[in-house]
Amino acid sequence: METEQPLSQQLEKLLTGIESTDSETEETPDKDERIKTTLEDNADLIKDVYKNKPFTKKEIEMLTILCELGESYGLDIIETSGGKFKRGTIYVHLSKMEEKGLVTGDKEESSEVGPRRRKFKITEETRERFQTWLKLLKILDLAVLKTD
């Protein structure tokens, strides 16, 4: 009995199939047809991931920053965001994301100055889901660009 591949592996295979047309030097109807066929063959997979969009726009921005920084304090996220997040809202967003199980926040053991700060990081499950979502977006972007 054959076991189904994890979603991230299925998307990686699809992405590799579409990217492999990059090595072809000529634009041909055959190339466009292969891309179209690849997408049609995987339509259910793409629809399933797309319709179950797991993240809001702010969550996508926050997760992108946390992927870049790793475990981070709220103020570090504000600095990296280029103005997308402010002191007054950063912890509201992080708290909502923590309630949804997207991130975890651990308090410092102790602080010599002021209250103990919290470091936030993406949960492993969220990291996998987020990377899968980004792969799907890349697949759709490549498909659109290659068939234009």
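When region 77-91 is filtered for residues that are closer than 20 Å to Thr123 by Cβ, out of contact with any strand residue (DSSP E or B) (no Cβ under 9 Å at 6 or more places or on another chain) and not in a loop (DSSP other than H, G, I, E, B), only Ile90 remains.
Taking region 103-137 on its own, how many of its residues are assigned to a helix (DSSP H, G or I), surrounded by 17 or more Cβ atoms within 10 Å (Cβ to Cβ) and not hydrophobic (A, V, I, L, M, F, W, C)? Write out each step before concluding.
Of the residues in region 103-137, the ones assigned to a helix (DSSP H, G or I) are 124-137.
Imposing the further condition that a residue be surrounded by 17 or more Cβ atoms within 10 Å (Cβ to Cβ) reduces the set to 126, 129-130, 132-133, 135-136.
Now drop any that are not not hydrophobic (A, V, I, L, M, F, W, C), which leaves 126, 129, 132, 135.
The total comes to 4.
Taken together, the criteria exclude Ile65 from residues that are farther than 21 Å from Leu137 by Cβ, touching a residue at least 12 places away in the same chain (Cβ under 8 Å) and surrounded by 12 or more Cβ atoms within 10 Å (Cβ to Cβ). Please verify whether region 19-28 includes one or more residues that are assigned to a helix (DSSP H, G or I), surrounded by 17 or more Cβ atoms within 10 Å (Cβ to Cβ) and either of a type in the set (A, V, I, L, M, F, W, C) or at pLDDT 65 or above (or both). No, region 19-28 has no match at all. Could you say whether any residue in region 72-88 is among the β-branched types (Val, Ile, Thr), surrounded by 14 or more Cβ atoms within 10 Å (Cβ to Cβ) and at pLDDT below 70? The answer is no; no qualifying residue exists.
The values are calculated or read from the model by the stated rules, or taken from the named source; none is laboratory data. Remember, it's a predicted structure, so these values are computed and weren't measured experimentally. Methodologically, a virtual Cβ is constructed for each residue, glycine included, from the backbone with ideal geometry; neighbour enumeration extends over all protein chains shown.
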